[in-house]
1. Give, as a single signed number, the net charge of other residues whose beta carbon lies under 10 Å from the beta carbon of Glu377, with Lys and Arg counted +1 and Asp and Glu -1.
2. Can you order the peptides 285-294, 209-218 by their average number of other Cβ atoms within 10 Å per residue, highest first?
3. Relative to the present Cα-Cα distance, how much length would full extension add between Asp604 and Ala485 at 0.36 nm per residue of separation?
4. Taking 0.36 nm per residue of sequence separation and subtracting the Cα-Cα distance, how much length would be gained by fully extending the chain between Tyr613 and Ser739, in nm to one decimal?
5. At 7 Å along the Cα-to-beta-carbon direction for both Ser700 and Glu50, put a label point, then send me their distance in nm to one decimal.
6. Anything over 22 Å Cα to Cα? Flag those among Lys82/Lys250; Lys578/Lys701; Lys412/Lys578; Lys643/Lys747; Lys75/Lys359, in the order listed.
7. At a 1.4 Å probe radius, carbon and sulfur cover how many percent of the accessible area of the chain?
8. If you take every DSSP beta bridge fully contained in the chain, what fraction is antiparallel? Give it as a percent rounded to 5.
Amino acid sequence: MKFLQIIGLSGIVFLIHAFRLDTSLAHSEPPVAKAMEERVDSVLRLMTLEEKIGQMTLFTSDWAVTGPTLRENYKADIKSAKVGAIFNAHTAAYNRELQRIAVEETRLGIPLLFGFDVIHGYKTIFPISLGESCSWDLKAMELSARIAAIEASAAGLHWTYAPMVDIARDPRWGRISEGAGEDTWLGSRIAEARVRGFQGDDLLKDNTIAACVKHYAAYGAAQAGRDYHFVDMSELVLRETYLPPFLAAKNAGVRTFMSSFNELFGVPATGNRFLLTDILRDEWGFDGFVVSDYTSINEMVAHGVVANDKEAAELSLNAGMDMDMQGATYYNHLLELVREGRISVQRVNDSVRRILRIKFELGLFDDPYRYSNPEREKARVFAPEHLEAARDISRKSIVLLRNENRTLPLSKGIKTLALCGPLAANQSELIGSWSGAGDYKQAISLLDGIKNKLGSNTKILHTEGCTIEGNDKSGFKAALANAKAADVILVAVGESAGMSGEAASRAELGLPGVQEDLVKALVATGKPVVVVLMNGRPLAIPWLAENAPALLETWFLGTQAGNAIADVLFGDYNPSGKLTATFPRSTGQIPLHYNMKNTGRPMDPGNKYTSKYLDMPNTPLYPFGYGLSYSTFAYSNLQTDRKTFATGETVRISVTVANKGPYDGEEVVQLYVRDRVGSITRPLRELKGFQKVLLKNGESKTLTFALSSDDLRFYHNDLQFRAEPGFFDVFVGGSSDASLTTAIELK
Ligand code: BGC
């Protein structure tokens, strides 16, 4: 390291000692924390203001199709210590080279931090996050994040921009695909699982990476579902609905936060002191760092709260921002802002300290190259156990929406199968809109998944029939000819991957193009038709919900998509996924989520002056929590161990769930509560717990849930978080419209 050369022998001894984390102290918290802070300070003391600003600057690297290429100016910025973190650079060899410049060619040799959007997998791609959340399998979601971290950390990465925990209740918003759906409680549990998965139990291990919970905050509430749009809500709604997953991630140990693009209370989140300092630092005590979203500091000019980038830098810094992603506002203006006395050196030091802390925690000062190991990269990427785990969670994420006359599962003895639809043989869409370093050519298409399953015994007649978008029906003829010659028709329709994700809002939520017409023509043949949906959001598909003999929601399942779907289609896996976001009947019903409020005039079909539409029911097409199995599950014997309980006490609620056959299968048993009378209005139902249970054909089990008075707390108008005495209805079942109910009273 050059930096070791410039400070002389005694300095070397001091700094080596100062930088290395003494793991012998690892089990006694305070000394370790103290030692860490001393090391951080020992570096900070050596830094010039310019070097400090470099640590607060994050730039993207760009890369060509054949692999990453380095832009000269980034190389120069790294070399002059003007950038402390790089994102989008990946692969062990490439990142090693960048790291070498930082470590060997800068005055202090402070290692770079490499970030990347490892959202649902690095190379082995798992289902898009919304799809994966439908597995309701926290262990599997933790494992998928763990595997993503194992692969990413071997490929030179230290830091992922995940999990995205924005609660989303408007499926027009394309980024609903990146989160865990509409429910705050479930979203919080999933946030914890994903943070645990990425970060493991020790960031010092070379196969763990720092997570970044995003987008802080309330980004999912963009008006009209239009991305980057205006957000308006009360502080009560913010705290009750949108903040809990962030707090859950923080409590699970997440080391970084990313601010969001939207405004909140009239101030962009990126310059919002209330969010970044009052809540995050003062209330929650977060000691990691906050990065802006991509140029979101500069965008405060367009928001109209500052006149130029320099003012934007000042506003964001004074609000509590630590690192500028890509906008170069600190790079260009911070030195001047400090010299003019508009930003204090103390404020800069606080941010740099937070950033260095994470670099120390990752062990980068011990060995800056520990994450760039080409052999490990080769061995870990696409490891067989990763592919196996991907197949497992993919099939768990599939939601069976409809299955008339037991159309599914299909027999493996089918003689002739017609397979059509634009997504039937497609690979490029399967890995979703945000698949990091994923390679779609590695993805198993539905066609290949079926071939893998059935071998050559079944004749597969494949033709697309139509494209995802566009009006061309000329392919229908061939599709229908195949259909007529087949015993069973499978049609794979949906969205392209780019129709969800960032900057991908849709005003209409039906199937694009002429796909529904294709399905209609196939259903009209009278043959068994299985519709396989691939999409990144809830769709409004009432015709399919009433007419398709079988309807299978498969999202974008990633690398193992085709194999996983084939497992479900042919009965090697009994579907167990449940929706985590409501499917509306029509865009006009949005926002529509299960935990809405009753109103003073709840819907009464016989009374016009009640809360309803003239032209459509209030109910969704498919509610939150919904999903069928090849078996049926019966719920009975809902009991509580007491009818009344006091603050600080817990009620045990038990229910018997029986698998009525004809297959073994898993059921997600869900528990909801309704607070009958509150000092402020309460939702009709709130999810408070669930258990995913495997029941053999004919088996029944009694499950017990514990509900404490703390679980019944909510934010009041004075923003106090407390439970109120009174009666609570408890509902248990396989969906948010569960009807089995009992009541308890909090005294
Ligand atoms: C997105 C973030 C993402 C970042 C870096 C932004 O456009 O909003 O979610 O992490 O880019 O790629």
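The values are calculated or read from the model by the stated rules, or taken from the named source; none is laboratory data. Source: prediction; values computed, not measured. Ideal geometry is used to build each Cβ from the backbone, glycine not excepted, and the neighbour counts take in all protein chains shown. Surface accessibility is based on the protein's heavy atoms, side chains included, excluding ligands, DNA and RNA. Shrake-Rupley method; radii C 1.70, N 1.55, O 1.52, S 1.80 Å.
1. Details: positive: Lys123, Arg376, Lys378, Arg380; negative: Glu151, Glu375.
Net charge around Glu377: +2.
2. 209-218, 285-294
3. Working: separation 119, 0.36 × 119 = 42.84 nm, distance 4.89 nm.
Between Asp604 and Ala485, full extension yields 37.9 nm more.
4. On the way: separation 126, 0.36 × 126 = 45.36 nm, distance 2.39 nm.
Stretched out fully, the Tyr613 to Ser739 stretch lengthens by 43.0 nm.
5. About 7.7 nm separates the two model spin labels.
6. Details: Lys82/Lys250 29 Å; Lys578/Lys701 20 Å; Lys412/Lys578 26 Å; Lys643/Lys747 10 Å; Lys75/Lys359 20 Å.
Check vs 22 Å cut-off fails for Lys82/Lys250; Lys412/Lys578.
7. Working: 13730 of 27240 Å².
Answer for the chain: carbon and sulfur cover 50 percent of the accessible area.
8. Once the DSSP bridges in the chain are tallied, antiparallel ones form about 55 percent.
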